[in-house]
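Notes follow the structure.
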Amino acid sequence: MRRGGSRCAAADQILLALPTYRGHLPAAYFAFSERLEGFAQQKINFDDVLFCKANVLLIGNISAGADRALHEILSDFMGKPFGPESILLSSREYGKKSIAGDLTQDDRVRERLQKFSKDVLKRG
């Protein structure tokens, strides 16, 4: 198994923290997803190595389709006996501009992230 794959296998939990663009996941997520084919070629079940440990943090505005991006990533878990903890943070919801990079300066965002972290740790 390649180094990245062994890190995934050894991890207790995996966090996929992703921005959304016009209602879609970033190209980097699709490149990552396509590279999972290497697990299949080695006859490694990436559900056991990755997906059962995956958690999703999306950042994007609902008015720009971020809810579609959440649905898009959750569809990768369709039909599986597990699903990720997930959170969608929208800068507009907190009166912030997405380009400013200051979303985590808001106490309400930090509280939501702390709750999300606790939920992820409970899962593990």
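The values are calculated or read from the model by the stated rules, or taken from the named source; none is laboratory data. Just so you know, these numbers come straight off a predicted model, no measurement behind them. So basically every Cβ, Gly included, is an ideal-geometry build from the backbone, and we count neighbours across all protein chains shown.
Could you say which residue among Leu58, Leu103, Leu113 is hydrophobic (A, V, I, L, M, F, W, C), over 19 Å from Arg22 (Cβ atoms), surrounded by 15 or more Cβ atoms within 10 Å (Cβ to Cβ) and modelled with pLDDT of 85 or more?
Just one listed residue meets the conditions, Leu113.
Tell me whether region 30-40 contains one or more residues that are outside any helix (DSSP H, G or I) and at pLDDT below 90.
So in region 30-40, the residues outside any helix (DSSP H, G or I) come out as 36.
The next check asks that each one be at pLDDT below 90; those that pass are 36.
Yes, some residue in region 30-40 is outside any helix (DSSP H, G or I) and at pLDDT below 90.
Cβ contacts < 7 Å: first residue over 16 Å from His24 (Cα atoms), restricted to region 73-91; second residue surrounded by fewer than 17 Cβ atoms within 10 Å (Cβ to Cβ) and among the basic types (Lys, Arg), any location; separation 6+ or different chain. Result?
Glu85/Arg123; Ser91/Lys97
Looking at Ser6, Ser63, which is the one that is surrounded by fewer than 18 Cβ atoms within 10 Å (Cβ to Cβ), assigned to a helix (DSSP H, G or I) and free of Cβ contacts under 8 Å to residues at least 24 places away in the same chain?
Within the list Ser6, Ser63, the selection yields Ser6.
Could you list, in sequence order, all residues of region 41-60 that are out of contact with any helix residue (DSSP H, G or I) (no Cβ under 9 Å at 6 or more places or on another chain) and not in a helix (DSSP H, G or I)? Talk me through it step by step, then tell me what you get.
Taking region 41-60 as the starting set, the residues that turn out to be out of contact with any helix residue (DSSP H, G or I) (no Cβ under 9 Å at 6 or more places or on another chain) are 41, 43, 47, 52.
Answer for region 41-60, where residues must be out of contact with any helix residue (DSSP H, G or I) (no Cβ under 9 Å at 6 or more places or on another chain) and not in a helix (DSSP H, G or I): just Lys43.
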